[in-house]
Amino acid sequence: MPLPVTVDFHAHAQSPKAGELIASAPNNPGAEVNPHNAMLARTRYHEAFTDLNVRLQTMDRERIDLQAVSPAPNYAYWADQERSDQIVTASNEHVAEICATNRERFVGLCHVSLQYPEQAARQLEAAMTSLGMKGVEIGTRAEGMDLDDASIDPFWAAAERLQAPIFIHPAGTTLGKRVAKYYLGNLIGNPLDTTIALTNLIFGGVLERFPNLKVVAAHGGGYVPSYFPRSIHGYEVRPEAQTNPHPPDYYLKKLYIDNLVFQAENVAHLVRVMGASHVVLGTDYPFDMGQENPVDLIEAIEGLSEEDAQRIKGGNAIELLRLS
C-alpha cells in the first residue's frame, strides 16, 4: 500500500454509545464546559459524523489522503473508574470500526481514563495492540490535575515505551464566566488551555523525565509559539521558573503542533518557530471552528521548500504514526 501524501492529524468521530454512557452517568456534573458538546447535538453535524461517504467526500475536497481519527473531546474525566472504562471502550471501538472500513484512508487515536493514570496506561496498551490504534488523544488537564502532576507519570511512561504520539486537545476552559459570552470559551479559552498544558509539560519537567515523548498540540499549539520568548526570559530571571537543567526552548523543540491557525502567514510563523519537521496538518473535522484548506495554507507559504512542504503535508505525521 503506498504511503499517503497528505495526513490530517486532527479529525474527530463521535460514539453514540459513549455519548449515552456520559449522559446517563449518575455522577455526571452536567454539560462539560466544552463547546464541542453543544455542537454535537446540532443536526448539521449528525451526517458528518455518521455517514462515512460524507467524511470521505470532505477529505477528497480538502485533498486529505489519510485521516487520523480521534474521538470527540468529551473525556468525562469526572467519571468513576468503571464508568470511565466503559466510555473509553465505547469511544475506542467506534474509532476502530471507522478505521476498519477503509484502512487506506483512516487510522485511529484512542481515548484513555487519564484521571486514573495506571488504568490509562493499560487502556493505551490495549488500544494499540488489540485495536490497532496509532496514538492517543488526551485533554489539557484531568479532573483537578494539570499534566505536570507526578501521579500521571505511569501514563507518560507507557506512551513513551509504546512510542505512541499524544495528541493534546482542549475540552473547554477553566476561565468560567469571563468567557461565557461571544463564544470566547472556544475562541480564546481553548487555545489558552492548550498553552497552559504545554507550558506545564515544559516547566513541570515531564519532557525532561520522558525525553522521548511525542506530543502533538491542537490549534497551532495555542499561544505558545507566538509568545514563547517570555517563557525563555522568565527562565533566565526568575528562580521559580528554573525547574529544569535546560532552558524552555530546548523542550519546545520536542513538541509538535498542527497548522490550524487559518491564515498562511500565521502558519509560516509556526514553521519559523517550531521548524517544518514539527508541524502537521489539522482540520478539526467536522466542526465549524475547523479549517477546510490545510493543504492550501502550506502551499501559500512563500519561500517554503518543496521538501519542507511535504513534511508538513504528511511526512511528519507518517513518522509520528509510524506508518512507514
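The figures follow:
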{"quantity": "Lone unmet requirement of (1) small (G, A, S); (2) in contact with a Leu (Cβ under 7 Å, 6 or more places away or on another chain); (3) at pLDDT below 95 for G221", "calculated": "(3)"}
{"quantity": "Scan of the range 301-320 for residues that are over 14 Å from V5 (Cβ atoms) and either touching a strand residue (DSSP E or B) at 6+ places or on another chain (Cβ under 7 Å) or part of a strand (DSSP E or B) (or both), ordered by number", "calculated": "L320"}
{"quantity": "Pairs where the first residue, in the range 78-107, is in contact (Cβ under 8 Å) with a residue 60 or more places away in the chain and in a helix (DSSP H, G or I) and the second is surrounded by fewer than 19 Cβ atoms within 10 Å (Cβ to Cβ) and of a type outside the set (A, V, I, L, M), C-beta under 6 Å, 6+ apart", "calculated": "A90/K17"}
{"quantity": "Matching entry among A197, A164, A127, A159 (being touching a strand residue (DSSP E or B) at 6+ places or on another chain (Cβ under 8 Å), among the small types (G, A, S), closer than 22 Å to L260 by Cβ and part of a helix (DSSP H, G or I))", "calculated": "A197"}
{"quantity": "Index of the failed condition, K253 passing every other in (1) modelled with pLDDT of 95 or more; (2) surrounded by fewer than 22 Cβ atoms within 10 Å (Cβ to Cβ); (3) closer than 25 Å to L201 by Cα", "calculated": "(1)"}
{"quantity": "Residue among P73, P154 that is closer than 27 Å to N316 by Cα and either modelled with pLDDT under 95 or of a type in the set (F, W, Y) (or both)", "calculated": "P73"}
{"quantity": "Residue match in the range 278-300 (condition: part of a helix (DSSP H, G or I), under 20 Å from the mean Cα position of the chain (by Cα) and of a type in the set (S, T, Y))", "calculated": "no"}
{"quantity": "Selected residue (only one of V88, V33 is within 30 Å of A180 (Cβ to Cβ), modelled with pLDDT of 95 or more, among the β-branched types (V, I, T) and within 18 Å of the chain's Cα centre (by Cα))", "calculated": "V88"}
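The values are calculated or read from the model by the stated rules, or taken from the named source; none is laboratory data. Everything numeric in this text was worked out from a predicted model, so none of it was measured. Positions of Cβ are generated from backbone atoms using ideal geometry, with glycine treated the same way; all protein chains shown enter the neighbour counts.
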